[in-house]
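Working notes, beginning with the structure itself.
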Amino acid sequence: SSTRDMTKKFNVFQNFSGFGDFVKNIPEDKKLAAQNTFILALDGDVDFKPEAVLLLVDRMRKNPKVGAACGRIHPIGSGPMVWYQKFEYAVGHWLQKAAEHKLGCVLCSPGCFSLFRGSALMDDNVMRRYADKACEALHYVQFDQGEDRWLCTLLLQVGYRVDYCAASDALTYAPETFNEFFNQRRRWMPSTIANILDLLKDARHTVFVNENMSYFYIFYQGFLLASTILGPGTILLTVASSFRTVFTGLTLAESYTLAVAPAVFYLIICLKTKPETQVFVGALMSSIYSMIMTMVLVATTAQFTNSDEISASSFFFVFLIILFFITGCLHP
C-alpha cells in the first residue's frame, strides 16, 4: 500500500505542468524547459557558495509544485546596527521561516538570495499580475515596497509552494547606519502587513487552491499580524509602567501621557515632514529611548523583586528574554 501511494504521488508529480492554462497549453518541449528553468535572484552585495544554489535546486527537483525556494541569510558588516540585526535575523528569518515551512508555506522568499521556477512565473495571474503598475496608495505599498513578498503572495494564491532550506547559506551586507536601516524597514514593514492582509482577505480561495495552506496556518499568520500591530502599544505600556516605578510621584494618567506623547509627536513628524527630517528625528529619539529602555530594564527587574504579582509588562519582558535565549541556543 505504501509503495502504491508513493508511485501514485510520483505519477502526479510527473504529470504536473502548472496550475494555469497558459503553461498547460504550450508545446511539451517548451513546457519541460520552463519547468526545469530556474532563475536565481540576488542582491549585488551577496556572497554564497555554489553548493548553496544546488541545495535550492534540489528543493525544486524534489517537488514540481515548489515555485520558489530561499536559503538562510546571514547579515554581515560592522557596528551596533549590524549586531542588532544578527539577533533580528535569527528570530525573524531563521526561526520564522523554518516555522512557516513546517506549518504551511514561506510567505516571502527574499530577493537577496532566492530561486524561482520559470514555469511558475509564467503561470496565469503571476507575472502578468506582478507587472501591474501601482495606481492606488495600497498598491504602491504592496507592489513597490516589497517586490519579493508580493511575488510570493501571487505564487501562493495560484497554488505553488514556497520552501525554506536552512542548509543553503548566503551572506549579505546589512545596513550599518541608522539612515540605511530606517529607510529599509520603512519599506519592509508596510509591505509585509499589506501582503499578509491580502492573504487573510483571500484565505478561503488560497486554502482551496493551495494544498499547503490550511485554516490553521491562516489563523497562525493572523495571530502574528495581530501581535505585530499590538507590539508598539505593548512597549508603550511597559514604558509607562516603568515610569511609575521609577518616578513614584507620577499618576497613572501622567505616566501614560509621557509614554504616548513621543510616539504621537513622531507620527506627526512622519506625516508632515520630509524623509531626511524623519530620519534625523528618528535617530535622535532612538538615542533617547536607549536610555529610557535602560531605565525600563531596571524598573521591570524591581517589579519582580517588589511585587508578588506579575504585570502584563513584566510578562512581556520575560517572554522577550525567553525568545532571544532560545534563539541564541539554537543558533550559537
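What to note about this one:
- Other-chain or far-sequence residues with amide H under 5 Å of Y173's (modelled H): I76
- Of the whole protein surface, E254 contributes about 90 Å² of accessible area at a 1.4 Å probe radius.
- The count of lysine pairs in segment 1-151 with alpha-carbon distances below 18 Å, taking only pairs 8 or more places apart or on different chains, stands at 11.
- Accessible area of H74 in the full protein assembly, 1.4 Å probe (Å², nearest 10): 40 Å²
- About its Cα centre, the dipole of segment 70-145 is roughly 280 debye, where the only charges are +1 on Lys and Arg Cβ and -1 on Asp and Glu Cβ.
- Unit charges on C-beta of K, R, D, E only; dipole of the chain, Debye: 680 debye
- Phi-derived couplings, Karplus 6.51 cos²θ - 1.76 cosθ + 1.60 at θ = phi - 60°, listed residue by residue for segment 282-287: x, 5, 5, 5, 5, 5 Hz, with x used for Gly and Pro.
- By a 1.4 Å probe calculation restricted to protein chains, K65 has an accessible surface near 30 Å², given to the nearest 10.
- A simple rule links phi to the HN-Hα coupling: the Karplus curve 6.51 cos²θ - 1.76 cosθ + 1.60 with θ = phi - 60°, which for segment 41-55 gives 9, 9, 8, x, 9, 7, 10, 7, 9, x, 4, 5, 6, 4, 5 Hz, with x for Gly and Pro.
- Rounded to the nearest 20 debye, the dipole magnitude of segment 187-332 is 340 debye, with +1 charges on Lys and Arg beta carbons, -1 on Asp and Glu beta carbons, and the Cα centre as origin.
- Net charge over other residues, Cβ less than 12 angstrom from the Cβ of A52 (K, R count +1; D, E count -1): -1
- Ranking of L107, L42 by solvent-accessible surface, largest first: L42, L107 (1.4 Å probe, protein heavy atoms only, all chains present).
- Per residue, the average separation of C-alpha pairs within less than 8 Å and at least 6 apart gives segment 116-263 a relative contact order of 20 percent.
- Remark: segment 83-99, residue by residue, has Karplus-estimated 3J(HN,Hα) of 4, 4, 5, 4, 5, 5, 5, 4, 7, x, 10, 5, 6, 5, 5, 5, 5 Hz, where x stands for each Gly or Pro and the curve is 6.51 cos²θ - 1.76 cosθ + 1.60 at θ = phi - 60°.
- Interchain or long-range residues, amide H under 5 Å from A166's placed H: none
- Relative contact order of segment 93-173, pairs being alpha-carbon contacts under 8 Å that are 6 or more residues apart, as %: 45 percent
- Amide H contacts for V46 (H built 1.01 Å from N in the peptide plane; partners 5 or more residues away or on another chain; cut-off under 5 Å): none found.
- Whole-percent carbon and sulfur share, accessible surface of the chain, 1.4 Å: 65 percent
- The value of relative contact order for the chain, using C-alpha pairs under 8 Å at least six residues apart, is 19 percent.
The values are calculated or read from the model by the stated rules, or taken from the named source; none is laboratory data. In this text the structure is predicted, and so the values were computed from the model without any measurement. Backbone-built Cβ (ideal geometry, glycine too); neighbour counts: all protein chains shown. Protein only, heavy atoms only, side chains kept; ligands, DNA and RNA dropped before computing areas. Shrake-Rupley method; radii C 1.70, N 1.55, O 1.52, S 1.80 Å.
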